[in-house]
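The values are calculated or read from the model by the stated rules, or taken from the named source; none is laboratory data. From a predicted model like this one, the values you see are computed outputs, not experimental measurements. No Cβ is skipped: glycine too gets one built from the backbone with ideal geometry, and neighbour counts run over all protein chains shown.
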């Protein structure tokens with residue numbers, strides 16, 4: 001019985017992710033008919049391409065440059081889901097609980113390097129302060145906080161962005 005409960009509780013986040021994976025596609029038309037619900041094939045999360053040294057370095061860089069805005073555990077700023085009085089959204093979580101996992105590596109790197117000021121956001125550009133290797137280490141660190149189902153969904157998005 002407990003094994004069934006544990007399996008169900010582990011499957012719940014994956015089912016949520018899979019249900020959100022198609023958001024924005026299909027023009028809002030509901031799927032109907034026998035072909036509408038193909039069987040779901042769930043595979044194990046891909047291996048994370050990080051090592052202890054890279055994670056330690058990424059954590060150090062994160063604490064120095066990112067934690068003041070995104071939180072010491074990458075939890076994001078309070079109220080990040082709603083714009084502030086200035087119309088800008090506070091820094092979102094990077095821990096897999098918000099939208100960072102929806103973006104492929106290239107876009108994550110671009111956001112870190114270029115910032116969001118030109119897009120109307122508040123994040124400064126870190127180009128010139130963080131090298132390519134620093135940026136990759138920071139990404140590896142915050143991705144290490146992501147649950148396996150989130151990381152697996154991101155890996156699929158990242159793979160498709162390079163096809």
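If you scan region 47-79, which residues turn out to be within 22 Å of residue 128 (Cβ to Cβ) and either assigned to a loop (DSSP other than H, G, I, E, B) or in contact with a helix residue (DSSP H, G or I) (Cβ under 7 Å, 6 or more places away or on another chain) (or both)? Result: 54, 57, 58, 59, 61, 62, 66. If you go through region 28-43 one residue at a time, do you hit one that is in contact with a helix residue (DSSP H, G or I) (Cβ under 7 Å, 6 or more places away or on another chain), modelled with pLDDT of 50 or more, within 21 Å of residue 155 (Cβ to Cβ) and surrounded by 10 or more Cβ atoms within 10 Å (Cβ to Cβ)? No, because not a single residue in region 28-43 is in contact with a helix residue (DSSP H, G or I) (Cβ under 7 Å, 6 or more places away or on another chain), modelled with pLDDT of 50 or more, within 21 Å of residue 155 (Cβ to Cβ) and surrounded by 10 or more Cβ atoms within 10 Å (Cβ to Cβ). For region 150-163, filtered to residues that are in a helix (DSSP H, G or I) and in contact with a helix residue (DSSP H, G or I) (Cβ under 9 Å, 6 or more places away or on another chain), the residue that is farthest from residue 97 (Cα to Cα) is 161. Criterion first (at pLDDT 95 or above, closer than 28 Å to residue 149 by Cα, touching a strand residue (DSSP E or B) at 6+ places or on another chain (Cβ under 6 Å) and surrounded by 13 or more Cβ atoms within 10 Å (Cβ to Cβ)) does residue 75 satisfy it? Here the answer is no, as residue 75 does not meet what is asked.
Within region 80-124, being touching a strand residue (DSSP E or B) at 6+ places or on another chain (Cβ under 7 Å) and part of a loop (DSSP other than H, G, I, E, B) holds for no residue. The set of residues from region 123-149 being farther than 23 Å from residue 53 by Cα and either surrounded by fewer than 17 Cβ atoms within 10 Å (Cβ to Cβ) or in contact with a helix residue (DSSP H, G or I) (Cβ under 6 Å, 6 or more places away or on another chain) (or both) comprises 124, 125, 149.
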